[in-house]
Amino acid sequence: MTAPSVVVFGRNGQVARGLAEAWGSRAHLFGRTECDVFNESAIAKVLEQTQAAAVVNASAYTEVDKAEVETEQARALNAVAPGNMARACARKGIPFVHISTDYVFDGTKPGGWTETDVPSPLGAYGATKREGEEAVAAAGGTPFVLRTSWVYGTEGKNFFLTMLRLARTHPVLRVVADQHGSPTSSHALSCTIARLVDTLLAGGPAFQQHTAGLYHLASQGETTWHGFAERIVAGLKEREHIPCTKVQAITTAEFPTAAKRPAHSRLDSSLFRRTFLFGIEDWESGLADVWKRYDAAAQGAK
């Protein structure tokens, strides 16, 4: 029996690559050049051609600061496109998984944010992602909105790779120490989403309808950007000689940005774990796994 195919939008992103690794030929990846996600008919055509049993939207406008001036571009990718995808999936009667963000919250709550907490985004990026959540929910069908946080990995553009680059060229790194969250590896996130989709397909329409909704899905535990950077730099020092000798803790006020960041954005993912009986491990274990993948890639490049 042929395993069901899954369409993944956002083909060049970290999560999409991870899903392709997890599913192999079952995954049909599409970027904006392959499918006009602003055209519902184009999306419906892709779903028909691939005979998709489910769809994962891993595409997004993620430039947090640029979103303050490119708000309409951010809204198009973060709200309009997901709404189109969700409606196409609802018409076809297949589950739709959409990835959202911790930045829908203002960061004023200590501890983990739950699905019942009221969103209050601080900037355009968070606001457009929240609009996307609402558009997906309004589309009907069986949507699964997954909020995650601080995604990083060995590919793409992310904090982990930025710290590696800077540690190789700067003796001191100044990193914000008053923003708290849960670093989530793209590999762990992709594997968990793949497992979720396979669980939904195995459970059938009744199970999908019963479990559809909003979930938080991030690593367990908590750290700061500074704490995360210290661990990254320490790991790099174990592997090569670098000029960086210190990761200096600074405040958010000392590192002004165009968009405000939430001071506390750790997500409580216990609802997901209770519902599906699996989840993502603690962020430290996730980082250890990322280093293993980094080492394997480095060895393969020799």
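Annotations
- I250, sole failed condition from (1) surrounded by fewer than 14 Cβ atoms within 10 Å (Cβ to Cβ); (2) over 24 Å from the mean Cα position of the chain (by Cα); (3) among the hydrophobic types (A, V, I, L, M, F, W, C): (1)
- Residue in the stretch 219-230 that is nearest to D289 (Cα to Cα), counting only those that are outside any helix (DSSP H, G or I) and open to solvent by 60 Å² or more (accessible area, probe 1.4 Å): Q220
- Qualifying residue in the stretch 44-59 (condition: part of a loop (DSSP other than H, G, I, E, B), at pLDDT 95 or above and within 25 Å of Y152 (Cα to Cα)): yes
- For beta carbons closer than 6 Å, sequence separation of 6+ or different chains, a first residue in the stretch 277-291 that is closer than 16 Å to T148 by Cα and in contact (Cβ under 8 Å) with a residue 24 or more places away in the chain and a second that is of a type in the set (F, W, Y) and in a helix (DSSP H, G or I), the qualifying pairs are G279/F272.
- When residues of the stretch 3-18 are limited to those that are at pLDDT 95 or above and more than 19 Å from T62 (Cα to Cα), the one farthest from the chain's Cα centre (by Cα): S5
- Looking at H210, H226, just one residue is within 21 Å of H98 (Cβ to Cβ), out of contact with any Pro (no Cβ under 6 Å at 6 or more places or on another chain) and of a type outside the set (G, A, S), and that residue is H210.
- The number of residues in the stretch 128-152 that are closer than 19 Å to G181 by Cα and out of contact with any Lys or Arg (no Cβ under 8 Å at 6 or more places or on another chain) comes to 8.
- Checklist (1) in contact with a Lys or Arg (Cβ under 8 Å, 6 or more places away or on another chain); (2) modelled with pLDDT of 95 or more; (3) open to solvent by 20 Å² or more (accessible area, probe 1.4 Å) applied to R195, failing item: (1)
- The residue that is nearest to G141 (Cα to Cα), among those in the stretch 38-83 that are among the polar types (S, T, N, Q) and open to solvent by less than 10 Å² (accessible area, probe 1.4 Å), is N57.
- Some residue of the stretch 198-218 being crowded, with 22+ Cβ neighbours inside 10 Å, in contact (Cβ under 8 Å) with a residue 12 or more places away in the chain, of a type in the set (G, A, S) and under 28 Å from P119 (Cα atoms): yes
The values are calculated or read from the model by the stated rules, or taken from the named source; none is laboratory data. Remember, predicted model here, so these are calculated numbers, not experimental data. Glycine gets a Cβ as well: all are built from the backbone with ideal geometry, and neighbour counts include every protein chain shown. Accessible surface is based on the protein model in full, side chains and every heavy atom, while ligands, DNA and RNA are left aside. Shrake-Rupley method; radii C 1.70, N 1.55, O 1.52, S 1.80 Å.
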